[in-house]
Structures are given as C-alpha cells and as structure tokens.
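The values are calculated or read from the model by the stated rules, or taken from the named source; none is laboratory data. What you are looking at is a predicted structure, and each value in this text was computed from that prediction instead of being measured. Please note that ligands, DNA and RNA were not included when accessible areas were found on the heavy atoms of the full protein model with its side chains. Shrake-Rupley method; radii C 1.70, N 1.55, O 1.52, S 1.80 Å.
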Amino acid sequence: MNKNGIVTEIHTKIRKEPFSTNYELVGKELGRGKFAVVKKCTEKATGKQYAAKFLRKRRKGADCRMDIFNEIAVLELAKANPYVVGLHEVYETNSEIILVLECAAGGEIFDQCVADNDEAFTEKDVIRLAKQILNGVAFLHRNNVVHLDLKPQNILLTSARPLGDIRIVDFGLSRRMDKIAEVREILGTPEYVAPEILNYEPISIATDMWSIGVLIYVMLTGESPFLGDDKQETFLNISQVNVDYSQDTFEGISSLAVDFIKSLLVKNPRKRATAEECLNHPWLNHLSPSHPHLHAMSASSLDEPEMSQSESEPESPAPS
Ligand code: ADP
Ligand code: MG
C-alpha cells in the first residue's frame, strides 16, 4: 500500500490470452464512465453471463495500471460480502485491463430514482435496499476501505422487476484508510461529495456516510438535495448544508426516514452516523409505515413514528 492508501498487491491471475477466446460479447453496452466501458458477455465454457469492464491503462498520458490494481485489490477483499459486485476474472491486453464482473442485470438504481411514481421506489423498497447498501459499506469500513464514489450510478440491482438486490460497483476511487491517509486530491461527483472534500480536509470513512445520506434522500424523494443551477451553487449548498426537509418534499415519507438522513448530512465528519449506527437506526428496524396495522401487535413507542409531535393531529381529544 502506498501513502495514498492505494493497494496494488493482487492475487487474481492476470490472463494474457485474448478475452475473446473465452467470452463472447452480447448485445448492448451496459454502461460507461470516464475511462471505462462495460459490456455484457457470455463465458463460452459455461454459458454464464458477466459484465466486462474495459479499463484503459493510459489516461491523459499517465500510466494508470496501479490504480486499476487497486480497484482489483478492493474487489478481492470484498469477495466475502454479497452486496459488493463479484470479480470473476481479469484479462490484460496492450492497452486495456478487463475486469470480468458478476452481471447486475437490473441496472443502476439511478433509473428508479428519477422515475415517475409507478416505477419509483416506495419507502419500503428504500428501507430494504438501504440495509443492503449499509451492510456492504459497513463491511468495507470494517476493513478500512472507503469507496469515495457512492452515488446512484454506482449502486446496481440484480434485477429491476421484480426489484432485486443491491450490488455496489466502481472501486476506481477507493482507498485503504488504515493510515488515515491524507487523501486530499480526490473529487467525486459534485452532487454527492462531502464538505471535507470541498475544503481539502482529510478524508475518512465518514466521507462515504455523507454520500449515503445524499443517496437515500434521492431514493426517497427523487430530488438531489444539494444540486444547484451550477457547480458553484451546488458546492455552496453542500458547505452550508442547505437541505430542504420540508413536508412538501417528504410527502408520504416517515419522519424516521428524515431523522435518518439528518444523522448523515452533518457537516462535521466526526459527528456523522457510522454505517453500524445507521444499521441500528429505528427507521431500518421497524415495520413499514405503509402498513400501520402491522404495528398493532408490538408495544414500543417507536411503532407509530410517521409524524413528529408538531405535525401530528391528535386522534382524539386529550384527556382533561
Ligand atoms: P466508471 O469507473 O467508469 O464509472 P463503473 O464501474 O461505474 O465505471 O461502470 C460504468 C457503468 O457500467 C455503471 O454505472 C453501470 O451502469 C455499468 N456497470 C458497471 N458494472 C456493472 C455490472 N457488474 N453489471 C452491470 N452493469 C455494470
Ligand atoms: Mg461509475
């Protein structure tokens, strides 16, 4: 591991034979980012489908082979967690490294985040998916890995309809944090970056937790909490933690969900909830608010939390 938390020792065999010897590309592209194209493929020997991520080794004239090894090393480490995408094989050509990944056929959660009502997530869906995302991220954090690029384009689904399970992808920016690395140079996607990144302050696992706060906000409301008309306005909204928690935006969403998001969109990284704390939050540990009758059997005072004191109407006159 170097001083920036980049890990380059990997155990996966790097295959030098042509990728096309063992795989057939099928159909359309699954997605693309700045330096990668991801295509669906079939393994000839088994007929199984995979997602092949083609990464250019040279980017803007620089050799990025070690950054790709870092991405592979994190995928190897996370093999034990079901919510991190599986790595099957690695190929190398003169110009590219190809990661053969488990195929998450349901695509990005981004699509449902911006979808119309009938296709959008319900709060019950978001609760189930949030638990899975946090399970994966808690695993990474226990192993001192920060993802640093958590956003709806990097959270995939095993299937879209019926709604399947989460797979976290894209470890291109991830770092090992056991040295509390002074990683000040990385910039993720503007809308999802934490205030400490904008201020060039040290990054920690809490940086991911901010992004999860933004992610859950978007999944529940369909709106990006800090997005301004331009980058500058977005950055200002982030550094001032200018968030709309109005009834209007959170119509039909429980106040526990709002409370959960508020525990993450906290400017001071030390005061932000951790992944473990999030997993223990009442929002993720109670029955769906859309089925209030299911609550009838249990006695906890947290069982009917949809409305906070100030906004709830008493159902019957208070005893005098
Ligand atoms: P980049 O580092 O360039 O952002 P990603 O790993 O995020 O690359 O992949 C780019 C896009 O390709 C993703 O946003 C997603 O849409 C798609 N994709 C990546 N991995 C998979 C996969 N395992 N299964 C299905 N689609 C994938
Ligand atoms: Mg990506």
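Summary of values
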item	result
Whole-Hz couplings from phi, Karplus 6.51/-1.76/1.60, listed for segment 124-134; x for Gly and Pro	4, 4, 4, 4, 5, 5, 4, 4, 5, 4, 5
Percent carbon-and-sulfur accessible area, segment 62-164, ignoring ligands, DNA and RNA, probe 1.4 Å	47
Integer Hz, Karplus 6.51/-1.76/1.60 couplings in order for segment 277-282, x for Gly and Pro	4, 4, 5, 8, 5, x
Solvent-accessible area, 1.4 Å probe, carbon plus sulfur percent, for segment 240-281	44
Accessible area (Å², per residue) of segment 113-165, counting only protein heavy atoms and a probe of 1.4 Å	41
Listed residue pairs exceeding 25 Å between alpha carbons, taken from K60/K267; K16/K151; K79/K262; K34/K262; K39/K124; K39/K151	K60/K267; K16/K151; K79/K262; K34/K262; K39/K124
Extension gain (nm, one decimal) between N268 and K79, 0.36 nm per residue minus Cα-Cα	64.9 nm
Between segment 216-260 and segment 9-82, the Cα center-to-center distance that results, in Å	35
Overall Cα dimensions of the chain, principal axis frame, Å, largest first	82, 44, 36
Solvent-accessible area, 1.4 Å probe, carbon plus sulfur percent, for segment 1-60	51
Residue-normalised accessible area of segment 16-73, given per residue in Å² at a 1.4 Å probe	60
For segment 25-111: rounded, prolate or oblate by the Cα gyration tensor [a/c cutoff 1.5]	rounded
